[in-house]
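Any read-out appearing in this document is the output of simple, stated calculations on the displayed coordinates, not a laboratory observation. This is a predicted model, so every value here is computed, not measured. Neighbour counts run over all protein chains shown; Cβ positions are idealised from the backbone, glycine included.
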Amino acid sequence: MHPTKPAGVLDGVRILELARWQAAPRGGMILRDMGAEVIKLEWSKSSDLRNSGPFVGEMSVQFAAYNRGKKSVTLNTRHPEGKELFFKLLEVSDVVLENFRPGTMDQMGFSYEKMCEVNPGIILASVSGFGQYGPYRDRQCFDPIIQAMSGIGHQTGRGFDQPVMAEGPIMDRTAALHATIGILGALRYRDRTGEGQWLEVAMLDGGITLEEVALAMCHETGTNDFTRAGSFIKCKDGFVSTGAARAGMWERMLQIMGYDELSEDPEFAAPMFATDKAEIRMELLHLWCEERTTKEVETALVSADIPVGPALSIPEVLADKHLWEREVMMEEELPGGKKILVPGPTIIKFSKTPTTAGPIPAYGEHNSEIYSGVLGLDDQQLSRLVANGVIT
């Protein structure tokens, strides 16, 4: 059982989500955690991630990760009466979130111009691989494509002489976060002016933003010599990462390693990027770490107020008390008593309007609540729509 949801910053905002997979649905879930009502329109069980593994019992882990807390409504948007129902929902909604290929919404009869005729204040948020305009506009896209084309795969893999792909869908998440920010901005603008608008987010644009400094340096120098100072440093039993970017940090680092004389040398104790001695002092750090365990290194550097962290595996992250105390992830009980791990309430922590995490919706679970409670359809009308294949 979930307690009554407390007031959130987006209470009263209703979002129609036509989005699938990850890039946009993750954004819809964040908005829901902040208080918005997110109605997920599903036209079949195979239209999203419900049938995609891995599974806990009969529940898709992927679907649960991006859609818990939303309201599931089934709707055949290809049916003329399905289109009418969509526009009736549009009349009482604030935002439409979609991530089809550019032009698809127009083909469905749901262009932004048509939406505005029904609801002039509507906000349409469109997430796509390459944007609503540009030379790659019409290409299909998934997260790995953007890791390749944004340059981040190449930058990450430079030490391995080949591109390296992040295991997690970092480009989907980046796009979802930018879409969320855009929706919040559009809502604020509408509060001031009463006007809705159409905003779009391209996954490739978001991926490129992750390499802004490298791109600027390449543009300035004509080379690709820029590398981030961070690295994984080998210890006896694993790896750590550390950074002494500010004045005083390398001074303390050298003291911890036993190089008191070097700690007094301005060239060795200088901040990051400010000295030619950087390679020498990093080599000293590598040698020092190789003789110690990750825990010994972490304890020593934390005690000196130097940023450091062990490189944890997924099982180790799962065992980390920080994850559980801050509810970054949480267990959701499924029918039959099994539990599935899902994202906790959005990582934004408000002091007065707490975020919440709701249950994973069953397919079409909220048909009656939305069609009868919101649109006022009676049982006879609902039965006819089901018989006609408008609602599955």
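Here the stretch 188-281 is treated as a sphere whose radius is the Kirkwood value from Cα pairs; by Stokes-Einstein at 25 °C and 0.890 mPa s it diffuses with a coefficient of 142 µm²/s.
For VAL96, nonlocal amide neighbours, meaning residues 5 or more places apart or on other chains whose placed amide H falls under 5 Å from its own, are LEU16, ILE123, LEU124, ALA125. Karplus-based coupling profile of the stretch 255-264, in residue order and whole Hz: 5, 4, 7, x, 9, 4, 5, 5, 5, 8, with θ = phi - 60° in 6.51 cos²θ - 1.76 cosθ + 1.60 and x standing for Gly or Pro.
Once backbone amide H atoms are built at 1.01 Å from N, ILE360 has GLY69 as its partners under 5 Å, excluding neighbours fewer than 5 places away on the same chain.
Count the net charge of all other residues whose Cβ sits under 14 Å from the Cβ of LEU199, scoring Lys and Arg as +1 and Asp and Glu as -1.
Details: positive: ARG188, ARG190; negative: ASP94, GLU98, GLU195, GLU200, ASP205.
Combined, the nearby Lys, Arg, Asp and Glu give -3.
Using C-alpha pairs below 8 Å separated by at least 6 residues, the relative contact order for the stretch 227-337 is 31 percent. Sorted from longest to shortest, the spans of the Cα atoms of the chain along the three principal axes equal 86, 51, 41 Å. List the lysines whose Cα sits under 29 Å from the Cα of LYS40, skipping any in the same chain fewer than 8 residues away. Candidates past the 8-residue exclusion: LYS5, LYS70, LYS71, LYS83, LYS88, LYS114, LYS338, LYS339, LYS349, LYS352. Amide H contacts for VAL201 (H built 1.01 Å from N in the peptide plane; partners 5 or more residues away or on another chain; cut-off under 5 Å): SER126, VAL127, SER128.
Arrange VAL92, VAL118, VAL127, VAL13 by Cβ neighbour counts within 10 Å, fewest through most, would you?
On the way: VAL92 12, VAL118 15, VAL127 27, VAL13 21.
With the fewest neighbours first, VAL92, VAL118, VAL127, VAL13 line up as VAL92, VAL118, VAL13, VAL127.
Across the stretch 160-172, computed HN-Hα scalar couplings (Karplus, 6.51 cos²θ - 1.76 cosθ + 1.60, θ = phi - 60°) run 10, 6, 6, x, 10, 9, 5, 5, x, x, 5, 6, 4 Hz from first to last residue, x flagging Gly and Pro. When the GluC sites (Glu not before Pro) in the stretch 145-201 are filtered for DSSP coil states and for at most 13 other beta-carbon atoms within 10 Å of their beta-carbon, the remaining sites are GLU167, GLU195. The trypsin sites (Lys or Arg not before Pro) of the stretch 243-297 that meet both conditions, a loop assignment by DSSP and at most 13 other Cβ atoms within 10 Å of the site Cβ, are ARG246.
Which net charge results when you count Lys and Arg as +1 and Asp and Glu as -1 among the other residues whose beta-carbon is under 11 Å from that of PRO102? Intermediate results must be reported in sequence, preceding the final value.
Details: positive: ARG101, ARG137, ARG139; negative: GLU98, ASP106, ASP138, GLU200.
Once all neighbours under 11 Å are counted, the net charge is -1.
Converting phi to 3J(HN,Hα) with the Karplus coefficients 6.51, -1.76 and 1.60 and the offset θ = phi - 60°, the stretch 73-78 yields 10, 8, 7, 8, 6, 7 Hz in sequence order, with x at every glycine or proline. Only DSSP H runs of four or more residues enter the estimate; each adds -39500 (n - 2.57), and after division by the residues of the chain the mean residue ellipticity at 222 nm equals -10500 deg cm²/dmol. Considering only GLY248, ILE280, THR299, and ranking their Cα positions along the charge dipole of the stretch 239-310 that arises from unit charges at the beta-carbon of Lys, Arg, Asp and Glu, the one farthest toward the positive end is THR299.
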